[in-house]
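Taking it in order: structure first as structure tokens, then the write-up.
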Amino acid sequence: MTGSTDTDKPLRLNGGQALIKALEMEGVEVVFGYPGGAILPVYDPILDAGLRHVLVRHEQGAGHMAEGYAHATGKPGVCMVTSGPAATNIVTPLADAMLDSVPMVCITGQVALGSIGTDAFQECDTTGITRSVTKHNFLVTRAEDIPRIIREAFHIATTGRPGPVLVDIPKNIVDANNPDAYFDWEWPEELDLPGYHPNVTPSIESIEAAAELIMAAERPVLYVGGGVLKSRGAQALLELVELTDIPVVTTLMARGAFPDSHELCLGMPGMHGNYTAVTAIQRSDLLIAMGSRFDDRVTGKVGAFAPDAKIVHFDIDPAEHGKVRTPDVSVVGDCRISMELLNEELRTAGLPGSNPDRSAWRQQVSGWQEKYPLTYEQSKDGELLKPQYVIERLRDLSPKDTIVASGVGQHQMFASQYWEFNHPYTWLNSGGLGTMGFSIPAAIGAKAGLPDRTVWAIDGDGCFQMTAQELVTASVEKIPVKIALLNNSYLGMVRQWQSLFYEERLSEVHLGYDVPDYVMWAESMGCVAFRVEDVDEVDEVIAKANAINDRPVVVEFRCHATENVYPMVPAGGSNDDLIVDPSQADLLEADRAADRERAEAIEAGAQA
Amino acid sequence: MNRPGDLAHHTLSVLVENKAGVLARVADLFARRGYNIVSLAVAPTDDQAFSRITIVVDVESAPLEQIVKQLFKLINIVEIQELSAFDAVERELMIATIEASTDTRTQIVELVNIFEGKILAVSPEAITVSLDGAPSKIDDFEALLRDYGIRDLQRTGRIALPKMDRDVPVLRAVSNS
Ligand SMILES: Cc1ncc(C[n+]2csc(CCOP(=O)(O)OP(=O)(O)O)c2C)c(N)n1
Ligand SMILES: [Mg+2]
């Protein structure tokens, strides 16, 4: 800096101005928020700020928008709300971001320091309530701490295993009328975090040990999770697969981390994974867990999960290693960096030339793919639409890099199964918490961050009713997202469990097709809306929706009420007991009987 | 009843930033992950910026390794050492009020003397005593007092420091780096 006297003169700011300036220093472009009493002083400097504020219609929306923005752009999402009920309204998105490791900074107003602990109006113990659903949280007590704490919040949210960080700011320290809220602005050069040292670079011994197991494996599978996306590791993963020729499964959090169109991509494992992905894991002799965490929705019954497999676990969070399954080799570090080191190690060892012959394994895997593809029966004349069909048509008629945000339920599983994800960061969903209502605000957040991309939310009728009001936000703020509402008149996923596991005793799951009138509702919120009931209209309406770029669009697809998601591993069951589509059930029963016979014959031979 | 001498019990010496709410974060972590705390003692160190929490955990509720790794995820935790009885000097303080008639009082006083404890107060029916020392010694003392009838008893929970000649490794969440 040149020695101009202006820059030497300290910049005197109040806490509110400092907060906004700190956000600008962090490169924040958009804040999703909602004002109120305790945060009021911060909303005044926002008028002069160089960042966009999106006024949501419910604080939960602000949180999910910040998540959607973060997931699509890779930058931390920022939301800001007032104290008390606003802070409690944002607890769900915080928990969601915590379980899915989404980098997010949430700023909450708080009553004045002197009133804390007195049950003041709109006081709640925000840092206490959010302690277990944030990676870290702060209660700021002095205006001059604001710049440093904001820096630390962004640092913690975005490094190591990412996650949500909350900063609770009492009203008096941002109050322009309080002389004590003023201080000489200083942007801290150093952070004061003596206990925070993420394990970014893995040990070279662990990389060598991993390489050794990989080169020796006969039936390896790469079990790829969200950590690959969080570390921006998709390219390194592609290189690893090209080097090793190992088939890949991508979990619900990792759809798009590896292209579905790649011949080695087996798709999604887990409770509603496809037969090949689930079975390949079960039969593998080496499972390379890459940024995945052995979630119960993937493992089913842990004791029966991949029983013959050695485990190499790559994850930046040491606590994930050995939490569910003890690894044979543990690589603690950033997934991208770890894979880059691993690739180097494998190349040095002579790969791809010296891979063992795994043609038998490859054949077995492609045999499963041929025998047990994802399948459904198209609706007959006069029947309502099949959700799978709607998703296939959306997939084929929308731009290749379309971003898909989904709600939670059957439509989420169908979307994950039937969409073809070939690009990272094109799939946003609530995997860990399973938050109904996630899709609309998440789609809005993604579109706010990447306005040139097509963003479709695939939503259920139950989910839609939880956060639809954010379509008002989308209309007013001109964030033209598209919503495919798969209206099956039911809380479909719950209905499926009741059908399969509670003898079809349907309890409190019927919503009905007609109330609310989704088209009228969407139109009243400023959206263009369509209703599709007939297979013949599907393509035409999707094309119309894709052509609209100045307003949000809602397409209500009236879907079959009793379609089930298959395959399915019943909760807590073994992955070996996967239930396939009824049309494949006989085939599978015959296969399993043959397997049993073979096993018995081997047993008998061994005893003889 | 489990006592701090139990094999399933491990002592962790946890250096934390001396900031508001840190103890709550630790307690909250144990509660939400279902880990059992046997005892817990906390106070600032000689450096006012840090406090030391001496925490005796029950590894029957969860493997020690998971407990340590989860603790490390708390941003305010700076260092964790495991202190085995072999490597550490351990102390605990107990005060107790014991039923003491004129008949039994001398017996109790004798016990206190044998254990090198102190008598803090005496009344016609009771006597308040204190003892500091290694936790196992306090266990023994407590067991002997029990026969006379314990009215009130409070133990501080264990505090510990590494023995001077022992090199107690600082635990890390990652063993290989
Ligand atoms: C906030 C919340 N409440 C309840 C649930 C439990 N739940 C999971 S899926 C589901 C049904 C979702 O219904 P809908 O949005 O219509 O989707 P569908 O399964 O019919 O596709 C419910 C109630 C949840 N995941 N989240
Ligand atoms: Mg539904």
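Of note:
- Taking every alpha-carbon pair under 8 Å whose residues sit at least 6 apart, chain A reaches a relative contact order of 14 percent.
- Distance from segment A:118-195 to segment A:436-505 (C-alpha centre basis), Å: 32 Å
- Put in line by how crowded their Cβ is, counting other Cβ atoms within 10 Å and starting with the fewest, A:V472, A:V167 read A:V472, A:V167.
- Taking the Cα atoms of segment A:246-352, the ratio Rg/Rh between the radius of gyration and the Kirkwood radius comes to 0.95.
- From the largest down, segment A:515-608 spans 77, 28, 24 angstrom on the principal axes of its Cα atoms.
- Contact order normalised by residue count of chain B, Cα under 8 Å, 6+ apart, percent: 27 percent
- Ellipticity estimate at 222 nm from DSSP helix runs (n ≥ 4, -39,500 (n - 2.57)) divided over the protein assembly as shown, nearest 500: -10500 deg cm²/dmol
- Shown for B:E92, B:E79: other C-beta atoms within 10 Å of each C-beta, ranked fewest to most, produce the order B:E79, B:E92.
- Extension gain from A:E537 to A:A590, taking 0.36 nm per residue of separation minus the Cα-Cα distance: 15.1 nm
- Residue order, fewest to most surrounding Cβ atoms within 10 angstrom, among A:W419, A:W185: A:W185, A:W419
- Computed over segment B:1-116, the convex hull of the alpha-carbon atoms projects to a mean area of 9.7 nm².
- Here, segment A:121-199 yields an orientationally averaged convex hull projection of 6.3 nm² when only Cα atoms define the hull.
- Shape box of chain A [Cα atoms, principal axes, largest first, Å]: 91, 62, 45
- Segment B:127-168 versus segment A:507-586: alpha-carbon centroid distance in Å: 66 Å
- Where N is the number of residues in segment A:419-573, Cα Rg divided by 2.2 N^0.38 Å: 1.08
- Spin-label model, A:H423/A:L397: points 7 Å from Cα along the beta carbon direction are separated by 2.0 nm.
- In segment A:204-371, Cα pairs under 8 Å separated by at least six residues give a relative contact order of 28 percent.
- Among the listed pairs B:K118/B:K163; B:K73/B:K118; A:K310/B:K69; A:K380/A:K447, those with a Cα-Cα distance over 31 Å are B:K73/B:K118; A:K380/A:K447.
- The Cα trace of segment A:41-166 gives Rg and Dmax of 13.9, 41 Å, the first to one decimal, the second as a whole number.
- Alpha carbon convex hull of segment B:90-158, volume per residue in cubic angstrom: 66 Å³
- FRET efficiency, 1/(1 + (r/R0)^6) with R0 35 Å, evaluated for B:L144 and B:A27 via beta carbons: 0.60
- Extension reserve of the A:I204-A:I116 stretch, reckoned as 0.36 nm per residue once the Cα distance is removed: 26.7 nm
Throughout, read-outs are computed from the coordinates displayed, never taken from laboratory work. Being a predicted model, the structure only gives us computed values, none of them experimental. In this analysis, Cβ positions are derived from the backbone assuming ideal geometry, glycine residues included, and neighbour counts consider all displayed protein chains.
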